[in-house]
1. Across the range 42-49, in residue order, what do the Karplus-derived ³J(HN,Hα) couplings come to in whole Hz, using 6.51 cos²θ - 1.76 cosθ + 1.60 with θ = phi - 60° and x for Gly and Pro?
2. Hey, what number do you get for the chain at 222 nm if only DSSP H runs of n ≥ 4 count, each worth -39500 (n - 2.57), divided across all residues, to the nearest 500?
3. Select from 39, 171, 119 the residue whose mean-square fluctuation is largest in a Gaussian network model of the chain (Cα-Cα springs shorter than 10 Å).
4. How large is Rg over Rh for the range 4-196, taking Rg from the Cα atoms and Rh as the Kirkwood inverse mean of 1/r across Cα pairs?
5. Arranged by the count of other C-beta atoms within 10 angstrom, fewest first, what order do 31, 149 take?
6. Using modelled amide H (1.01 Å from N, peptide plane; none on Pro or chain starts), what sits under 5 Å from the amide H of residue 157, excluding residues fewer than 5 places away?
7. Remind me, relative contact order of the range 4-196 in percent, using alpha carbon pairs under 8 angstrom and six or more residues apart?
8. With the cut-off at 1.5 for a/c, could you classify the range 56-113 from its C-alpha gyration tensor as rounded, prolate or oblate?
Amino acid sequence: MDFAEPFVRYFLGIFFLMIGLQFSGRSLGLFERMKVSYIHYGRRGSAPWWHRHTFNVFRSLILVICLARVVVDLDPWLGVFDGLYIAPVLLLGMICLLASFTLVNYFQGYMHEDWRSGIDPQQKYHLLTEGPYRRTRNPLFMAVMLGQFGFFLALPSVFSGICLIAGVLVITRQAREEEKALAEMFGDAYEAYRQRVPRWL
């Protein structure tokens, strides 16, 4: 445990910093080249708007806390679960985070020009039903939830538990909103796909 604990502290700080830099860099690069924002909040006060802001608040908190933990002992304030704070659990959390990162990038790459963060009413989407979409309608959201679970394991605490619960609630609600938009866009074709493939697994 003596080796794993500081290693995981540094890992979480660097990991979430790199996630933020990668997402920002990709979004800015796409905007510079395509002259269109790939991040869509939706109408002010709408469900997607609230989902995006809730997600941003928790993402910012996670980044600040993980960076601060590198130099300050915040664990008593975070409500760390000592029984879970053991090397195998922490390492499993890191593995889940790395798997989530890899899968999110794979699914975004697979979606290619159809990838957006949020619902873009101007985008001419294709209905994706092959590849990872053959077995689940929301592979990207599942990968994100894997990362949220990995964070809980890598920092088992009241704080990360709240982040996990809030994250899963926001994602499941956003999935329903995006499926409504797809149903409006594709009509019967989407309904046939929805009947054939489950929302999750």
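A short reminder: the numbers here are calculations on the coordinates, not readings from a lab. Quick caveat, the model's predicted, so the values are computed rather than measured. Counting neighbours? That spans all protein chains shown, and the Cβs are built from the backbone with ideal geometry, glycine included.
1. Once rounded to whole Hz, the list reads x, 4, 3, x, 6, 4, x, 4.
2. -23000 deg cm²/dmol
3. Largest GNM mean-square fluctuation: 39.
4. On the way: Rg = 17.9 Å, Rh = 18.0 Å.
Over the Cα atoms of the range 4-196, Rg/Rh equals 1.00.
5. Values: 31 13, 149 19.
Listing 31, 149 from fewest to most nearby Cβ atoms yields 31, 149.
6. For residue 157, whose amide H was placed from the backbone, the distant partners under 5 Å are 81.
7. On the way: 180 pairs, mean separation 54.8, N = 193.
Computed over the range 4-196, the figure is 28 percent.
8. The shape class here is oblate.
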